[in-house]
Amino acid sequence: MSFDALDTWWWPYLFILLAGWLATDTWRYLGVYLGGKMSDESDILVFVRCIATALVAAVIANLIVFPSGALADSSLALRVGAAIAGFAAYLLSRKQILAGIAVAEAVLLIGLYLIG
Amino acid sequence: MNENTTAESGSEESHISWYLRGVRRCFSVPGLVLVSAFVGFAGLAREAGLTLPQTVFMTGVVWALPAQVVLIGAMIAGNSLIAAAFAVALSSVRLAPMVVALTPEMRGPRTRKWVLYALSHFVAITSWVLAMESFRNVPRDLRTAYYTGIGTTLVLVNMGVVATVFLLAESLPVQVTAALFFLTPIYFLTSLWGSARERAGHVAMVLGLLSGPVFHLLLPGFDLLAAGCIAGGAAYVWHRTRLKRGTGK
């Protein structure tokens, strides 16, 4: 059953609770339970971090390549170009996230106003 | 930050004063970056068709931006509840080791278990970084009060930010809405790179970026799970081979 499956007011909230709250806080409670038993350097955690990182990266790429709404009308080259410019600014500024965001947004906005 | 940590622990007054120091700790560059990320998230949720109460609710109960972005992504793609929960759970595994690392630092000799469970809900990248940086300057039995200040402030401020952006977004020109929407991917593009603990994290990120759109076309509905498992698995295999070669084991 998807998010739009039921036309009732409570279904979206139940969906958010089960797919959102339960799926995140379970890990937090497990973390408290495990306390200091697990080493942060253990190899299984490297594997877990790799999967989690790749998953979020996939979401980012899809948001840039296949956006919905207001961004959908802009050109793919502009979005990818703005993202690359922002990431380059982030690396060049010694990992200042704000610098990366500012450059990416500037490139995107200039492109949107010039190209339309 | 503050060298003067001789506050009388245990008294009501020092609990409040350390709670307030936690509150103040949020008004900093990491806090500002998080607000900009939630501005972007509000734009994303609005474009996805969520209502204002649903978005504020999600922010409060989930309180993990990657998980929220994955959840919205699954909603847009029309994923089932099970598939959405699975993708969100996979994207949030990292919360467990983060809490594992934080809990021993936060626990005092008289800290009750339920307090730790309740406070763990506030653990997300920003609050975790702020706490890990500052805890050594906080008396041990006041760290829960301090972290409560950080956690409640970040959650409440950003719930307010989300609601405000939602209300304003309607009257904004389309270019500005597009720019708001673009904040989320850029925030994660940079913060994900910076938060990687080892080289394999960077490999996983690059492979994930490349495979996301590919699986979106090949396996619609399961694209996130497939990209996460295959790109993440490949990065781990890369990590193992490099380890073997590097240490000669």
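Which residues, taken from region B:20-35, are modelled with pLDDT under 90 and more than 13 Å from the chain's Cα centre (by Cα)?
B:S28, B:V29, B:L32
Of the conditions (1) surrounded by 17 or more Cβ atoms within 10 Å (Cβ to Cβ); (2) closer than 20 Å to A:G100 by Cβ; (3) not assigned by TED's automatic domain parsing to the domain that holds B:A48, B:A179 fails just one. Which one is it?
(3)
Would you be able to tell me the number of residues in region B:119-140 that are without any contact (Cβ under 8 Å) to a residue 40 or more places away in the chain, crowded, with 18+ Cβ neighbours inside 10 Å and of a type outside the set (S, T, N, Q)?
Residues flagged as without any contact (Cβ under 8 Å) to a residue 40 or more places away in the chain, crowded, with 18+ Cβ neighbours inside 10 Å and of a type outside the set (S, T, N, Q) within region B:119-140 amount to 4.
Only one of (1) at the interface with chain A (Cβ under 10 Å from one of its Cβ atoms); (2) touching a residue at least 12 places away in the same chain (Cβ under 8 Å); (3) among the charged types (D, E, K, R) fails for B:R143. Which number is that?
Against the list (1) at the interface with chain A (Cβ under 10 Å from one of its Cβ atoms); (2) touching a residue at least 12 places away in the same chain (Cβ under 8 Å); (3) among the charged types (D, E, K, R), B:R143 comes up short only on (1).
Among the residues of region B:202-224, how many are out of contact with any helix residue (DSSP H, G or I) (no Cβ under 6 Å at 6 or more places or on another chain) and either assigned to a helix (DSSP H, G or I) or within 13 Å of A:T53 (Cβ to Cβ) (or both)?
6
What is the residue count in region B:55-67 for residues that are surrounded by 24 or more Cβ atoms within 10 Å (Cβ to Cβ) and within 7 Å of chain A (Cβ to nearest Cβ)?
So the count comes out to 5.
With respect to B:M159, determine if the residue is in contact (Cβ under 8 Å) with a residue 40 or more places away in the chain and of a type outside the set (F, W, Y).
Taking the combined requirement at face value, the residue satisfies it.
State yes or no: is B:A200 surrounded by fewer than 17 Cβ atoms within 10 Å (Cβ to Cβ) and of a type outside the set (V, I, T)?
Taking the combined requirement at face value, the residue does not satisfy it.
Can you name the residue in region B:39-54 that is assigned to a helix (DSSP H, G or I) and surrounded by fewer than 24 Cβ atoms within 10 Å (Cβ to Cβ) and, of all such residues, is farthest from the other protein chains (Cβ to nearest Cβ)?
B:L52
The values are calculated or read from the model by the stated rules, or taken from the named source; none is laboratory data. Please read all numbers here as calculations on a predicted model, not as lab measurements. Counting neighbours? That spans all protein chains shown, and the Cβs are built from the backbone with ideal geometry, glycine included.
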